[in-house]
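K.L.:
Take this structure first; my questions come after.
The values are calculated or read from the model by the stated rules, or taken from the named source; none is laboratory data. Please read these numbers as outputs of a predicted model, since none were measured by experiment. Cβ atoms come from the backbone with ideal geometry, glycine included; neighbour counts cover every protein chain shown.
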Amino acid sequence: MMPGMGGKGMSSGQMNKMMRRLGIQVKEIPDVQELIVRTSTKQYTFRNVELTVMDSGGSKNYTFTGAATVRDLTAEEKSKVAAAAPAAEAEAEAAPEAVEEESRSAEEMLADVEVEISDEDIALVASQTGKSPKEAKKVLEETKGDIAEAIVRLTE
């Protein structure tokens, strides 16, 4: 339940349904092994990452959770980061379509991901919706294993 949403709260399924109606799509990027963030002085390495992309009208927001290890950059690494920053900015300004093409490729790859649906997930969706396990499995496959989305679809 989401607190502060109309007194009773809002379930994640209701939240997903509302977001879809507003034209907001949320997708998880599967199998992220590591995420590295570098500032001018530190490197943050995240492991066991859950990475989510929220697309709202062409604007993409990336959200992640994970365990971080933080370390100071060496002098050599700091100079490489400083030298690369202007080149990266110039490259992004010169070819913004390349960045968009790269994200489209990632989205296309996501569309092709096959998800294994466990018997437990099927049983959960079937019990929550009153539908047969066969119907639950079909909708779980359509939603790439998203339990909340499957329950919303089966109860609409």
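K.L.:
What number of residues within the stretch 35-68 satisfy the criterion of being assigned to a strand (DSSP E or B), in contact with a Lys or Arg (Cβ under 7 Å, 6 or more places away or on another chain) and surrounded by fewer than 11 Cβ atoms within 10 Å (Cβ to Cβ)?
P.N.:
Final tally of qualifying residues: 1.
K.L.:
If you don't mind, another one. Which residue is surrounded by the most Cβ atoms within 10 Å (Cβ to Cβ), if the candidates are limited to the stretch 24-34 and must be in a strand (DSSP E or B) and of a type in the set (Asp, Glu)?
P.N.:
Only one residue tops the list, namely GLU28.
K.L.:
In addition: Looking at the stretch 118-138, can you tell me whether even one residue there is modelled with pLDDT of 60 or more, under 22 Å from GLN25 (Cα atoms) and not in a helix (DSSP H, G or I)?
P.N.:
no
K.L.:
For the stretch 29-87, which residues satisfy the criterion of being of a type in the set (Asp, Glu) and under 26 Å from GLY145 (Cβ atoms)?
P.N.:
Once the filter is applied, which keeps residues that are of a type in the set (Asp, Glu) and under 26 Å from GLY145 (Cβ atoms), the stretch 29-87 yields ASP31, GLU34, GLU50, ASP55.
K.L.:
Take the stretch 5-19 and flag every residue that is out of contact with any helix residue (DSSP H, G or I) (no Cβ under 9 Å at 6 or more places or on another chain) and either modelled with pLDDT under 70 or not aliphatic (A, V, I, L, M) (or both).
P.N.:
Within the stretch 5-19, GLY6, GLY7, LYS8, GLY9 qualify.
K.L.:
Quick one: count up the residues across the stretch 46-63 that are farther than 12 Å from ILE24 by Cβ and charged (D, E, K, R).
P.N.:
Number of matching residues: 2.
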